[in-house]
Amino acid sequence: MGKILAIGDIHTKIWIIEKVVKVINDYDKVIFCGDYADDFNVTPQDTLNIWNILKDLQTKNQGKVELVTGNHDYIYVNNTPSLQTGYNPMTQVLIDAQENKNLKEWLTGLPVIAEIDRVTYSHAGIANEWSGVEDVAGLWNNMSPIWARPSGSTYKNIPQVFGHTPSDTCYEVKHGVWCIDTFSTMPDGTPIGDGSVLQIIDGIKISKLYLE
């Protein structure tokens, strides 16, 4: 049991990680909920940089920093049957390069689901409609934990936290089920959400806060 900080989609925004680093020692665990890659008006190198920064953060904070994969990360290390908005073929070239072999192995190894203190964390949420299978066919569809959305899914009645769907603020989709994608922006950079994150204590006490 402990004090957990949950962060929604960051999409190459290094400043979010910088704010997390300032408070990391105040938490037993920090979990990032996927979609580290891609954004409007960023370069493939920006995506590679954010993956490297997160990998280093996890390495330097063994056992404290956890990450799950998002659809914008998963697509670059799996042979998905379709592409998606924001996919950049040059990012694919970079992650496939021999000099980035270790980074690609780390990215490939990110879990789809993490559980901490009986709270389930994923990128898009665990829906009743999901098959439960974590292969490409089971994940590259609208009901999976990297694609589900509140508008089209019935979420399992378990305590869970996810991002994926841009929101004005962290909010409860239903009791105990939280959506926290508050850092996403419009194409011109205008914020969609308020940049809030979640603090979860002992898997029970959940509160919204803002990183300084």
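The values are calculated or read from the model by the stated rules, or taken from the named source; none is laboratory data. It should be emphasised that the depicted structure is a prediction, and the values quoted were computed from it without experimental measurement. Methodologically, a virtual Cβ is constructed for each residue, glycine included, from the backbone with ideal geometry; neighbour enumeration extends over all protein chains shown.
At a glance:
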{"quantity": "Test: LEU67 is in contact with a Leu (Cβ under 9 Å, 6 or more places away or on another chain), surrounded by 15 or more Cβ atoms within 10 Å (Cβ to Cβ), over 18 Å from PRO166 (Cα atoms) and free of Cβ contacts under 8 Å to residues at least 40 places away in the same chain", "calculated": "no"}
{"quantity": "Sole residue being touching a strand residue (DSSP E or B) at 6+ places or on another chain (Cβ under 6 Å) and either at positive phi or not acidic (Asp, Glu) (or both), chosen from ILE31, ILE75, ILE53", "calculated": "ILE31"}
{"quantity": "Odd one out for ILE95, checked against (1) part of a loop (DSSP other than H, G, I, E, B); (2) of a type outside the set (Phe, Trp, Tyr); (3) without any contact (Cβ under 8 Å) to a residue 60 or more places away in the chain; (4) surrounded by 13 or more Cβ atoms within 10 Å (Cβ to Cβ)", "calculated": "(1)"}
{"quantity": "Which numbered condition LYS60 fails, given (1) basic (Lys, Arg); (2) within 18 Å of the chain's Cα centre (by Cα); (3) within 28 Å of MET1 (Cα to Cα); (4) surrounded by fewer than 19 Cβ atoms within 10 Å (Cβ to Cβ)", "calculated": "(2)"}
{"quantity": "Pairs, first over 19 Å from ILE14 (Cβ atoms) in the range 193-211, second at pLDDT below 95, C-beta under 6 Å, six or more apart", "calculated": "ASP202/MET1"}
{"quantity": "Subset of the range 13-37 [in contact with a Ser or Thr (Cβ under 6 Å, 6 or more places away or on another chain) and under 15 Å from ASN88 (Cα atoms)]", "calculated": "ALA37"}
{"quantity": "LYS60 in contact (Cβ under 8 Å) with a residue 24 or more places away in the chain and basic (Lys, Arg)", "calculated": "no"}
{"quantity": "Pair list, Cβ under 8 Å, 6 or more apart: the range 1-26 residue under 22 Å from TRP178 (Cα atoms) and of a type in the set (Lys, Arg), other residue loosely packed, with under 13 Cβ neighbours inside 10 Å and modelled with pLDDT under 95", "calculated": "LYS19/GLU212"}
{"quantity": "Selection count, the range 65-92, where residues are under 17 Å from ASP39 (Cα atoms), out of contact with any Asp or Glu (no Cβ under 8 Å at 6 or more places or on another chain) and not in a loop (DSSP other than H, G, I, E, B)", "calculated": "4"}
